[in-house]
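Some notes on the structure that comes next.
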Amino acid sequence: MEFRAPRGTRDILPSEIGRWQHLESCFQELCRLHGFEEIRTPLFEHTELFSRSVGEESDIVSKEMYTFLDRGGRQVTLRPEGTAPVVRAYLQRGLASQPQPVKLYYYGPMFRYDRPQAGRYRQFHQVGVEMYGAGTPAADLEVISLCTSFFNRLGVNGAELQLNSVGCSRCRPPYRERLVSFLKPREELLCADCRRRHRENPLRVLDCKRPGCRRAITGAPLLAEYLCRECSEHFLALLRLLDRSNIPYRENPYLVRGLDYYTRTAFEFVPREGNDSGSLGGGGRYDDLVEYCGGPATPAVGVALGVERILLAMGEPEGDRYSPGVYIACAPGEEEAEVEALSLARELRDLGVVAEPELTGRSLRGQLKLANRKGYRRVIIIGPRELEQGLFTLRDMVGGSQREYSRSDLLAEVTRPVSGPNSE
Ligand code: HAM
């Protein structure tokens, strides 16, 4: 029987893991520099958490959740996003009573039953931040500028920041009504999804990419014209801060995002080269969600970035040809040599050197070939002659030169950083 991974999932192989780890540590470091602390929430939650906060009518809740009954008959869902679980933890674990703003970050897998294609998976990863208790445009700016610094550090430069204000619970309902009546005579043009949305979540029609829907919304009233004074001032202040921070952006009056909890600021990082794999990340303000989930009224803002999509946008890095450790080759079938190799490996690891001893019993020539393929620049050889003389041969795989060392000289030599092509 041949097992295959479920559709839309990936194995992250050793050859790719370096890029993942680089991205993760870069994100962690930036969060630390911005004063965000890590939070880890469960991979599954009660379904209701998502259906109530992300919204019953959203694509995520209506079509994409991995929901099942557990053995106790409870309905649970593999988390499709990180914001709702973080809000839940913020309230349940007493973070709401800590000094505000509470600034949290997370990293991990999310699950959506999406149609798999490049950059779109059923298990994918997000890095994200959430900030509670700061309602100022400066808080929005901090979240956005953390993302732009992240992209800069990773060398991702093809993402355009698009920005809109989706208003608040005061100014959105009258707009919503205007939009519904504007769309009514144009319903014929709408795709099946948008006909449903038109009734249940009309704002989502605005960012449908299908040609009929794009035509239907031509000339539609814009939310910007309906914003209340506070929402409008907040948005203009954020734009000024972005200008003064030299963060380029484009206002997109049709950007509404696919999750229902947003208020005021909504933004996305959209790849410039119109590829279809979707945005690199998105977020915004969600000032009503904490209260909606049973907590005190608390302004909140956050973002999540798609790790797979960022890795695609980063392109291929220049790989390091050589690994910094040593391979320890030993005469096959010689127990003495094997014991020596294993004990040397332990000693080197205690000194912080990556050390891999031979384990398969192949020929010395085969071992050298393997070490080269594995990218070891330095190989310690323990052959019959070395055993007899109590010495160790150190081979430089770049030029092929070899030298013999006593044990103590060898340890001094391999703990010294290598210069030349290996260290670049
Ligand atoms: P979202 O826009 O649903 O927002 O997802 C954020 C990012 O996750 C997307 O821009 C994309 O890069 C990535 N992503 C989403 N679905 C997939 C998929 N099927 N395959 C690969 N990548 C994917 C949220 O999740 C909100 N929780 C963001 C947020 C945080 N808002 C406030 N705080």
Item checked: Per DSSP, loop trypsin sites (Lys or Arg not before Pro) in the stretch 155-192 with at most 16 further Cβ within 10 Å -> Arg170
Next item on the list: Have a look at the DSSP beta bridges in the stretch 323-415 and tell me what percent are antiparallel, nearest 5.
Entry: 45
Notebook entry, point to check: So how much accessible area does Arg272 have, in Å² to the nearest 10, using a 1.4 Å probe?
Noted result: 130
Check: Can you list the HN-Hα couplings for the stretch 206-218, worked out from phi with the Karplus curve (6.51, -1.76, 1.60; θ = phi - 60°), rounded to whole Hz and with x for Gly and Pro?
Finding: 4, 10, 6, 8, 5, x, x, 5, 4, 5, 4, 8, 4
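Let's see if you can work this out: charge +1 on each Lys and Arg Cβ, -1 on each Asp and Glu Cβ, no other charges. What is the dipole magnitude of the chain about its Cα centre, in debye to the nearest 20? Please list the in-between numbers first.
Working: 58 positive and 58 negative charges, 324 e Å.
It comes to approximately 1560 debye.
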Check: Given q = 0.18, 0.21, 0.29 Å⁻¹, what are the Debye log10 I(q)/I(0) values for the stretch 38-97, with equal point scatterers placed on the Cα positions and solvent ignored?
Finding: -0.63, -0.81, -1.22
Check: About the Cα centre of the stretch 323-415, what is the dipole size in debye to 20, counting +1 per Lys and Arg Cβ and -1 per Asp and Glu Cβ, all else neutral?
Finding: 580
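Where only protein heavy atoms count, and the probe is 1.4 Å, what is the accessible area per residue for the stretch 323-415 in Å²? Before the final figure, lay out the partial values.
Numbers: 4960 Å² over 93 residues.
Accessible area per residue, the stretch 323-415: 53 Å².
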Item checked: Taking N as its residue count, the alpha carbon Rg of the chain over 2.2 N^0.38 Å -> 1.28
Note to self: Treating only the Cβ of Lys, Arg, Asp and Glu as charged (+1, +1, -1, -1), what charge dipole size does the stretch 175-298 show about its Cα centre? Round to the nearest 20 debye.
What the structure shows: 420
Check: Excluding Leu242 itself, what net charge comes from residues whose Cβ is under 12 Å from its Cβ, given Lys and Arg +1 and Asp and Glu -1?
Finding: -1
Notebook entry, point to check: Of Tyr121, Tyr327, which has the most accessible area with a 1.4 Å probe, and how do the rest follow in descending order?
Noted result: Tyr121, Tyr327
Check: Per the Debye formula with a single identical scatterer at each Cα and no solvent contribution, what log10 I(q)/I(0) holds for the stretch 323-415 at q = 0.14, 0.15, 0.16 Å⁻¹?
Finding: -0.41, -0.48, -0.55
Checklist line | For Met110, distant residues with modelled amide H under 5 Å away | finding: Phe124, His125, Gln126
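For n ≥ 4 DSSP H runs only, could you compute -39500 (n - 2.57) per run for the chain, divide by its residues and tell me the 222 nm figure to the nearest 500?
Working: 15 runs with 157 residues, N = 424.
Roughly -11000 deg cm²/dmol at 222 nm, from the helical runs in the chain.
The values are calculated or read from the model by the stated rules, or taken from the named source; none is laboratory data. These numbers come from a predicted model, not from an experiment. Please note: Cβ atoms are built from the backbone with ideal geometry, for glycine as well, and neighbour counts cover all protein chains shown. In case anyone asks, the SASA skips ligands and DNA or RNA and just uses the protein heavy atoms, side chains included. Shrake-Rupley method; radii C 1.70, N 1.55, O 1.52, S 1.80 Å.
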